[in-house]
Amino acid sequence: MGKAIGRPDLQWVTFSDEETLTGLQQAGVPLSVAEKLVELGSSIHSAALREDYDLHTPVKMGNIKMADFAKEFAEVFNDK
């Protein structure tokens, strides 16, 4: 994605749940919402969010490739 938007050095940075919660609160996100966002992020990183999807995988998947999506995303991102 970074390459598509002209930022090839863009890196994916992960934060601990505690760092995320602190950052969200410092940004003014209410505690109850921040806790749910941390819970969501944690379930994504642990793959718990995928469990039901993996048990009920759709028969037909889409045909859009990430590289194609990245081009479209870059157009919208850079059009701000």
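Sort through ASP17, ASP54, ASP9 and tell me the only one that's free of Cβ contacts under 8 Å to residues at least 60 places away in the same chain, in contact with an Asp or Glu (Cβ under 9 Å, 6 or more places away or on another chain) and not hydrophobic (A, V, I, L, M, F, W, C). Spell out how you get there, then give the answer.
Working: ASP54 fails: in contact with an Asp or Glu (Cβ under 9 Å, 6 or more places away or on another chain); ASP9 fails: in contact with an Asp or Glu (Cβ under 9 Å, 6 or more places away or on another chain).
Checking each option against the conditions leaves just ASP17.
Just checking, does segment 41-56 include any residue being over 24 Å from MET1 (Cα atoms), among the hydroxyl-bearing types (Ser, Thr, Tyr) and surrounded by 11 or more Cβ atoms within 10 Å (Cβ to Cβ)?
Within segment 41-56 (the criterion being over 24 Å from MET1 (Cα atoms), among the hydroxyl-bearing types (Ser, Thr, Tyr) and surrounded by 11 or more Cβ atoms within 10 Å (Cβ to Cβ)), the answer is no, since none of the residues qualifies.
Which residues, taken from segment 1-40, are loosely packed, with under 10 Cβ neighbours inside 10 Å, of a type in the set (S, T, N, Q) and part of a loop (DSSP other than H, G, I, E, B)? Explain how you work it out, then say what you get.
Of the residues in segment 1-40, the ones loosely packed, with under 10 Cβ neighbours inside 10 Å are 8-9, 11-14, 18, 26-28, 32.
This time we only want the ones that are of a type in the set (S, T, N, Q), so: 11, 14, 26, 32.
Matches in segment 1-40: GLN11, THR14.
From LEU37, LEU21, grab the single residue that is more than 29 Å from GLU75 (Cα to Cα) and modelled with pLDDT of 95 or more. Before the answer, list the steps.
On the way: LEU37 fails: more than 29 Å from GLU75 (Cα to Cα).
It is LEU21.
Based on this model, can you work out whether LYS60 counts as part of a loop (DSSP other than H, G, I, E, B) and charged (D, E, K, R)? If you could, list the steps in order and put the result at the bottom.
On the way: part of a loop (DSSP other than H, G, I, E, B): yes; charged (D, E, K, R): yes.
The answer is yes for LYS60.
Please verify whether ILE44 is part of a loop (DSSP other than H, G, I, E, B), at pLDDT 90 or above and of a type in the set (Val, Ile, Thr), treating the condition exactly as stated. Break it down stepwise before answering.
Numbers: part of a loop (DSSP other than H, G, I, E, B): no; at pLDDT 90 or above: yes; of a type in the set (Val, Ile, Thr): yes.
When the stated conditions are applied, ILE44 does not pass them.
Only one residue in PHE73, PHE15 is among the aromatic types (Phe, Trp, Tyr) and touching a helix residue (DSSP H, G or I) at 6+ places or on another chain (Cβ under 8 Å). Which one?
Working: PHE73 fails: touching a helix residue (DSSP H, G or I) at 6+ places or on another chain (Cβ under 8 Å).
Within the list PHE73, PHE15, the selection yields PHE15.
The values are calculated or read from the model by the stated rules, or taken from the named source; none is laboratory data. These numbers were taken from a predicted model, which means no experiment stands behind them. Ideal geometry is used to build each Cβ from the backbone, glycine not excepted, and the neighbour counts take in all protein chains shown.
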